[in-house]
Structure formats: C-alpha cells, structure tokens
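The values are calculated or read from the model by the stated rules, or taken from the named source; none is laboratory data. Owing to the predicted nature of the structure, the values given are computational and were not obtained by experimental measurement. With ideal geometry, Cβ positions are generated from the backbone for all residues, glycine too; neighbour counts draw on all protein chains shown.
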Amino acid sequence: MIFASGVGMTYGKAALATRVLHDVSIAIPRGQLALLTGPSGSGKTTLISILAGLIRPTAGSVDVCGHRLTSLTEAENARVRRDHVGFVFQADNLFPALTAVANVAEVLRLRGLPRKAAGPVARAALARVGLADRLEHRPGELSGGQRQRVAVARALASRPSLLIGDEITSALDGATALEIMQLVRAFVTGDTAAVIVTHDHRLERFADRIIRLEDGRIVSDTSQEPS
Amino acid sequence: MIRIALQSLFFERGKLLAAVAGVAFAANLVLVQAGLFFGFQRASTAVITRVGGDLWVMARGTALVDFADPLAPGVGDLVRAQPCVERARAVIFSWASIRKPSGGIDNVQLIAAEARPGGALPWALATGLPSDLRGPMRVAVDAADLARLELPASAIGAPIELQDRTVHVGAVTRGIRSFTVVPYLFAEPHEARRILGLADGQATFWALDLARPGCAPAVRASLERHPDLAIRDRAEFEAMTSRYWVIGSGAGATLAFAAMLGFIVGLVVVGQTLYSLTESRSRELATLKAMGASGRELAAFVLWQAGFLALVGGAIGLGCAYGLKLLVLTIGLTVVLDGTVIGAGLGAIVVMCALASLASVRRIHKLEAAKVFK
Ligand SMILES: Nc1ncnc2c1ncn2[C@@H]1O[C@H](COP(=O)(O)OP(=O)(O)OP(=O)(O)O)[C@@H](O)[C@H]1O
Ligand SMILES: [Mg+2]
C-alpha cells in the first residue's frame, strides 16, 4: 500500500535549513492499521503529509497504491489523493453551511460520483458511523464527537484504499475518542490500510503496528495483535 | 461545488445582503447614468431624428443643429435640381426672443419643417391637433414650459410676443424638451418664415430624401462644391449635435463619473464580501484540496457566488432603474433603458463581479493542502 524509501525532508534553504526527517523508510501493507507516535516536533505530521502526497520530500521516494508520488506532478498527485486517500484531521473541517449529508455528498461529487448516487452513498456512510438520525443537522447543531464522525464518514464514503489521520481524537473526550478509533479499526480490512498520528496511548490497542519517531528518525517499529 | 458555494453564501446572511445591495447599487447607478446619457443624446437630436432624411444641407461651418445661419433663398432650387434627390424638405431651426407678459425677455427656439409622411412636427401633442398650427401665426408650446413663458394653464389661444410680433398658442406639446431646456416652439414653415422675417423658400437646413441611399456620396460631393454649403449624413449630424451638447457640456463626463463611482463602490463591496467568505472558509477549502479537488473546482466556490450576486443584484438594480426612470420622467428627464443600455449595463456588472472575485480566486490558488494538518 505504502512504500517509502530513504525519505528526507529539509524545510527552508541555506542557513535557515532545518532537517526534519532523516532517511525514513517504511512499508505499510494492506490490512494494516499503523499508529505513528513520538514527541512534539519529531516530524510525524511532516511524514504523513509526505506519505499522502501533500508535500514533496527533499530526498527519497514514496509509492502509494502503485503510484510513485515523488515523480508525479502536482495535478497527478491530487488525482491519486482523490482516488485513493481519505483524510481525517484534528478539527472536523466541515462546511458550517452544509448539513451532515451534504458535507459528505459534496466530497463524493468532487471525487467524481454523479449527483444521483452521491446522496444515498453519503447517507449510508453516515449510517455506518451511527448518525442515521442526524443527516440533516448542520455542524453547529452537532456535538464535537458527532462532527468528527461526520468527518470520518466523509473520508470513508468514497471507499479509499488508505486513510490518513492526524490527532483525530485529541479534541475529544476519552470515550468518544475510542468510538472514533473503532470506526477507523472497522475500516481497515484486507484491502485497506490506515496511518494515524496520535499521542494517546489508549488508542494503541487498536493498532496492528506502532511506529515511533524521534527527531525525524524511526526509533522503534513494533507489530502487535490488536485487542 | 455550486451547492457549497451558494449555501455558504446564504449561511452568512449579513454578508449576502451587503453584497447584493452593493451589486444592486452599482447596477442601478450604471444603468441610470447610461440611460440618462442616451436620454440626453436623444433630447439633443430629437428634431433631426424626427425630421429624418438621408442628407442634411447647411451653411458651411455649421457644427450642430442649434446654431446655424439661414441658407440663401436659392438653395432650395439648387438641391432639388440634383439627380437622385427625390425630395428636399425645408427645416427652420432658429433662436427667437420672447417678451413675457411681465415684461421680461426669454429665448426660445422656433422650429418648423416640411414633414415626411408620418413625421409631422411636433410629434406629441397634449392639447390640439397638428392642423391647429395651420392658422396664421400659430405656434405650439410644451406643457412644461407654460409657467416659464407666463402662459395660462389652458394656453390655447393665449398670445405670445415673439420677435416683436404677436402669435397665438395653437397647440400644446407634451414632453418635447431640448437638452438645454430652452423652450421649443413649433410652427408651420410658412408661419415660421413670417415670424423670423425669412424670404419665401428660405430655410436653415434642407433635409434631402434620396431615391437610392447609394447615391449619397455623389450628391454630397456635387453640393459641397458650392462654397457656402456643407452636407452631412443625418446620423453624422446627429452625432455632431449630441457630442456638442452631451460631451461638450460636461454632462457626459459627469454621468460617466457617477457610473464609475457606482462601479467602484460595487467592486469594493463585492470584492470584500467574496474575499471574507473565502477567507473564513479557507480551512474547509484546503481540506477539499487535500482530498484532491483541483484549483479550478475550488475557484468555482468564488465564481458561483460572484455569478449569483451578479444575477440577483443586477436584477434588483434593473428593477430600481425602471422605478427611477418613471420617477425622473415626471421632472422631464428621459432615462433610456433599451436593449443596448441594459446589455451594456448588466455586462458592466458581470465584469465588475468577475473583477471582484479575482483576489479570492488568487487566494484559493495559493491554498496549501498541507496546511490542513496544522
Ligand atoms: N512548513 C514548515 N516550515 C518550516 N519548518 C516546519 C514546517 N512544518 C514543520 N516544520 C518543522 O518541522 C518539525 C517537525 O514538525 P511536525 O509538524 O512534523 O512535527 P509533529 O511531530 O507533527 O509535532 P506535533 O506533535 O507537535 O504535531 C518541527 O520542528 C517544525 O518546526
Ligand atoms: Mg503534528
């Protein structure tokens, strides 16, 4: 699913250059839910941004779903993201003017689904995250946890192969965080994979693998049976 | 994207109202100013247009219809003798002075013309018939000028001291006003010559109806050999006259300035609104970009909003312009709202909204998808 080799990232130039990632190589196969942990500033966000094709590393290569992101153009990268990658963020980033179902459906439309199909698919995705009775609510009328579920539904509705998340539970209380993580766990099957950045140790039990980053280097990489 | 764009616009009611008001204001101002401009043009050339003809013969050096020396009495025969001239019609257009009952004097313009079929002067009568002017020393006065000329409200038959002669009001016109608001008095050509002391067959202009429009250059060339005569195409003469008044008086510039002001105010209001809508949704838009939306798809966020504002604001502005048109008609001003004015005015509004969206579109193009993780 993901194959990164010798990835290095340096922000800025000359005297201002900061090396953030050093020769990071990881392979994440299908069916794996990987957690990325590490202290603040260790380069976690930078790494997943590179894996998702949002930024281009200054060294190394990245392959996602058979596409070598590091040799594609901006537009081609966008195309890969659109077809294969779902995103969840710390904030829900939902359009406040749109209902839950419209927020999900409009992203499906951008991903190429015809209008007729987008509505039912969006409703089904929201039902899967337990919001069948909140379809017509706007973000302002939903709780933080419900909004994040809508964000998860939006990311997963188009059935991406890869889910990328950054601190997706850090704005939520413990119980709600676990619920969101359960949704992610349910998404990862034989065909799909997820890379989730977190500081929260309680989420570790959901993971197949825990990768720890420090100062831009992978310092530990352990596989486990999720419980 | 249309749904995201319009619902986001409607979600911020205050911004929506401000922007619609801005576009409506701009559209209204642009339309009314353009309409007044064409109204002034029409007013300044109304008599030429009404008299018609293919070519106009005038004294050499004449720059506009309002200031022209009378032609020599023989010119009528001269122009009628030209091949291809089907008819030559006398037009008398002259300044004259009036002594009012109170003793004061005022200037008027005395107008008479041999009409083409269906083109009788004057063309809009409030009281009386065109034939009422056939009696001796009869003139028509506009209803709006009665007070100024100290004439009674029921003016038919009232005497006027015109060029030291006594004439009588034979008919009252409605809404025939010059650009300069100097009163137009209409008479039969024969009576006008008597009042002005012109010889029989004398005229200020000759309007020529040609057998074929194609022979205009030949007729023109032939008559222009005469040292005292100038020949103009009718449309050309209309343009010269309206340019003299509407541009030369500064009225055109004033109207253009007001229209531009409306345009700029609208531009700023709409630009501000679109930008603040884009700015306040930049996180969500960056999210869509991360999810693979192209720059063009994201720009549609702004463009749909701009298009909606142009449409709704433009329609409201047009409605207001119609209202204003009726309102100013009551004070004798004409606002022309024909297809050209509406097309050009609404075209300007579309351009305005397009310009107003530029900054926001640039903002969207600069959005970095990677920023959504921050
Ligand atoms: N756009 C940027 N320009 C310059 N430096 C940057 C940029 N983005 C990140 N950095 C630097 O790269 C380093 C790693 O940042 P990153 O955001 O990847 O860390 P992180 O592990 O996600 O931290 P946190 O847990 O606090 O989110 C930091 O030192 C940061 O200052
Ligand atoms: Mg981070």
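Within the range B:183-238, the set of residues being of a type in the set (Asp, Glu), in a loop (DSSP other than H, G, I, E, B) and surrounded by fewer than 17 Cβ atoms within 10 Å (Cβ to Cβ) comprises B:Asp200, B:Asp228.
Of all residues in the range A:200-216, those satisfying the criterion of being touching a strand residue (DSSP E or B) at 6+ places or on another chain (Cβ under 7 Å), within 16 Å of ligand 2 (Cβ to nearest atom) and under 19 Å from A:Gly41 (Cα atoms) are A:Ile211, A:Arg212, A:Leu213, A:Gly216.
Does B:Ile176 meet the test of being crowded, with 21+ Cβ neighbours inside 10 Å, aliphatic (A, V, I, L, M), modelled with pLDDT of 90 or more and assigned by TED's automatic domain parsing to the domain that holds B:Ala68? The answer is no for B:Ile176. The requirement of being touching a strand residue (DSSP E or B) at 6+ places or on another chain (Cβ under 7 Å), in contact (Cβ under 8 Å) with a residue 60 or more places away in the chain and part of a helix (DSSP H, G or I) is fulfilled somewhere in the range A:165-184, by at least one residue. Restricting attention to the range B:2-39, the residues that are closer than 30 Å to B:Phe179 by Cβ and surrounded by fewer than 23 Cβ atoms within 10 Å (Cβ to Cβ) add up to 3. Flag not set for A:Val104, criterion: closer than 24 Å to A:Arg30 by Cβ and within 21 Å of the chain's Cα centre (by Cα). Of all residues in the range B:203-228, those that are free of Cβ contacts under 8 Å to residues at least 60 places away in the same chain have Cβ atoms under 9 Å from Cβ atoms of residues that are of a type in the set (A, V, I, L, M), 6 or more apart or on another chain, in B:Ala221/B:Ile231; B:Glu224/B:Ala230; B:Glu224/B:Ile231. Looking across the range A:65-119 at every residue that is among the polar types (S, T, N, Q) and assigned to a helix (DSSP H, G or I), the one that is farthest from the other protein chains (Cβ to nearest Cβ) is identified as A:Ser71. Among residues of the range B:351-374 that are more than 14 Å from chain A (Cβ to nearest Cβ) and within 15 Å of B:Leu285 (Cβ to Cβ), those with a Cβ under 9 angstrom from a residue that is acidic (Asp, Glu) and in a helix (DSSP H, G or I), sequence gap 6+ or separate chain, pair up as B:Ser360/B:Glu279; B:Arg363/B:Glu279.
Against the list (1) within 16 Å of ligand 2 (Cβ to nearest atom); (2) farther than 24 Å from A:Pro226 by Cα; (3) within 14 Å of another protein chain (Cβ to nearest Cβ), the condition A:Gly53 fails is (1).
Is there a residue in the range A:25-39 that is surrounded by fewer than 20 Cβ atoms within 10 Å (Cβ to Cβ) and within 16 Å of ligand 2 (Cβ to nearest atom)? Scanning the range A:25-39 turns up at least one residue that is surrounded by fewer than 20 Cβ atoms within 10 Å (Cβ to Cβ) and within 16 Å of ligand 2 (Cβ to nearest atom).
The listed residues are B:Thr254, B:Thr334, B:Thr278, B:Thr340, and the only one of them that is among the polar types (S, T, N, Q), part of a helix (DSSP H, G or I) and crowded, with 17+ Cβ neighbours inside 10 Å turns out to be B:Thr278.
Remark: A:Leu47 matches the filter, which requires a residue to be in a helix (DSSP H, G or I) and within 13 Å of ligand 2 (Cβ to nearest atom).
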